[in-house]
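For reference, the structure discussed in these notes is given below.
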Amino acid sequence: MNYTMVQTVKIIYGVGSLEKITELLLEIKYKKPFIVYDNGVKTAGIADKLLRFLDEKDIEYVCFDKVMPDPPASIIDEGASKCRKEKCDTVIGIGGGSSIDTAKGINILRFNEGSILDFVDPNVKMNPSKGFIAIPTTAGTGSEVSDGIIVTDEVARKKCPILCAEGIAEYAIIDPELTIGIPPHLTASTGIDVLAHSVEAYTSNLANLFTDQITSKNIETVVKWLPLAYENGKNIEARSAMSVAATIGGWMLVNAHAHIGHAIAHSIGGKFNIPHGYACAYALPYAMEFVSSEAPEKCKYVAELLGAKFTGDEAPAEIGMILRDKLIEFNNLLGIKKAKEFKYDKDMFPEVTEDIVNEVHQNFSVRKMTVKDAMNVINKIFDLI
């Protein structure tokens with residue numbers, strides 16, 4: 001049954017709350033965690049901090065530090081094989097969205113046969129996969145509470161969303177202190193992902209009064225606090241606000257979902273190796289312009305939060321253009337570089353547009369894109385028209 005509002009992840013929140021990991025493991029009686037992280041978390045000393053807490057309580061663990069950006073399916077499959085071989089009884093993902101998605105995928109394969117790519121097909125049954133603990137170190141994807149993961153099919157050079165309500169985290173530790181060392185460009189790009197989650201969920205075809213109350217406030221939070229976190233990464237108030245906003249944004253992905261903006265972001269990101277936060281920054285202005293004809297009042301509200309002024313006489317198309325421009329201004333405020341600075345191949349645009357119109361998030365848009373619509377947007381994103 002599709003419920004109007006669901007949140008099943010048990011959350012531990014607060015500055016310094018990483019230390020509670022040992023208390024949590026002892027309480028829920030998990031004895032051998034499989035720790036998943038990337039080189040950035042390792043270099044920053046965050047992984048060592050976590051492992052030190054485990055060592056102090058003599059908790060046995062196994063590490064897997066092969067996480068890569070936009071997690072390749074082969075890495076998830078490899079991690080799952082090692083996890084099963086070591087007979088670990090829980091998986092802890094610590095890091096950004098790639099680490100948490102990798103860990104979530106590994107945990108799913110503890111309970112399900114085959115490759116993680118098998119579950120791209122929504123008709124493939126997924127067994128319940130408990131025992132996953134998520135610890136985000138960026139304020140971005142919200143994967144710690146979301147019901148999805150993004151996996152890269154290396155052969156097809158394609159990002160594949162997997163809806164996995166049965167693989168959602170059991171627990172999440174949200175410690176804003178872990179985000180303090182993030183550089184400004186990463187603060188900006190991950191923060192734009194939070195904005196995209198909130199704006200798209202606010203305007204999706206699954207939005208309702210429950211989700212609107214939450215997403216509208218979350219948009220306001222990001223608009224206020226993301227620039228402050230970007231300007232001063234040690235501002236713990238801004239970091240705390242963005243950490244909570246990221247988790248709430250992930251929660252809204254479960255209840256209202258992202259829509260055409262994420263379909264575009266996944267498609268250009270997969271084909272042109274554009275990090276997800278940047279891809280969302282490029283896609284969101286044009287996605288919102290596109291859906292404004294079907295959601296003018298909500299688009300107007302978002303634009304007003306971004307500083308736009310209206311007379312009340314604007315047609316939906318004009319509202320969409322105003323919101324588009326305000327979102328681009330917000331990108332510029334955060335130093336988001338232009339899409340054309342990434343290496344892209346115009347000859348691949350037809351393939352990208354096909355991916356967009358067939359991507360699962362298109363199903364949640366109040367207005368569906370055609371190939372022609374998608375081609376127009378892609379050309380605008382790369383400043384070709």
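Worth a mention:
- Sequence ranges 91-97, 245-251, ranked by mean other-Cβ count within 10 angstrom, highest first: 91-97, 245-251
- Under a 5 Å amide H cut-off, with hydrogens placed 1.01 Å from N, LYS66 pairs with TYR37 among residues at least 5 apart or on other chains.
- Under 5 Å, built H, 5+ apart or other chain: amide partners of TYR13: ILE174
- Note, ³J(HN,Hα) from phi for the stretch 262-279, Karplus 6.51, -1.76, 1.60, rounded to Hz, x at Gly and Pro: 6, 4, 5, 4, 5, 6, 6, x, x, 7, 10, 6, 9, x, 4, x, 5, 4
- Gyration tensor over alpha-carbon atoms, the stretch 1-142, equivalent ellipsoid semi-axes in Å: 23, 18, 16
- Our compactness index for the chain, the C-alpha radius of gyration over the empirical 2.2 N^0.38 Å, is 0.94.
- Whole-angstrom Cα spans of the stretch 140-298 along principal axes, big to small: 41, 38, 32
- Long-range HN-HN contacts of GLY148 with modeled amide H, under 5 Å: CYS164
- Other residues lying with their Cβ under 14 Å from the Cβ of LYS343 contribute a combined charge of +3, Lys and Arg counting +1, Asp and Glu -1.
- Just so you know, the averaged projected area of the alpha carbon convex hull for the stretch 285-385 sits at 7.0 nm².
- The long axis of helix 236-255 is offset from the longest Cα principal axis of the chain by roughly 80 degrees.
- With a simple spin-label model that places each label point 7 Å from the Cα along the Cα-to-Cβ direction, the separation between LYS20 and ASN205 comes to 4.0 nm.
- Cβ-defined net charge surrounding LEU25, 15 Å radius [Lys, Arg +1; Asp, Glu -1]: -1
- Accessible surface, the stretch 86-166, averaged per residue in Å² (probe 1.4 Å): 35 Å²
- Extension gain for LYS57-ARG84 works out to 7.4 nm (0.36 nm per residue, less the C-alpha to C-alpha distance).
- Counting DSSP beta bridges with both ends in the stretch 98-235, the antiparallel % (nearest 5): 75 percent
- Compactness of the stretch 30-113 - radius of gyration and Dmax, Cα, Å: 12.0, 35
- Degrees between helix 296-305 axis and first principal axis of the chain (Cα, 0 to 90, nearest 10): 70 degrees
- For the stretch 66-122, the convex hull drawn through the C-alpha positions has a volume of 79 cubic angstrom per residue.
- Helix 209-231 and the longest principal axis of the Cα set of the chain meet at an angle near 80°.
- Interatomic Cα distance distribution for the stretch 234-348, bins of 5 angstrom, percent: 2, 11, 16, 19, 22, 16, 10, 3, 1, 0
The values are calculated or read from the model by the stated rules, or taken from the named source; none is laboratory data. A quick note: this is a predicted structure, and the numbers were derived from the prediction, not measured. So basically every Cβ, Gly included, is an ideal-geometry build from the backbone, and we count neighbours across all protein chains shown. Surface accessibility is based on the protein's heavy atoms, side chains included, excluding ligands, DNA and RNA. Shrake-Rupley method; radii C 1.70, N 1.55, O 1.52, S 1.80 Å.
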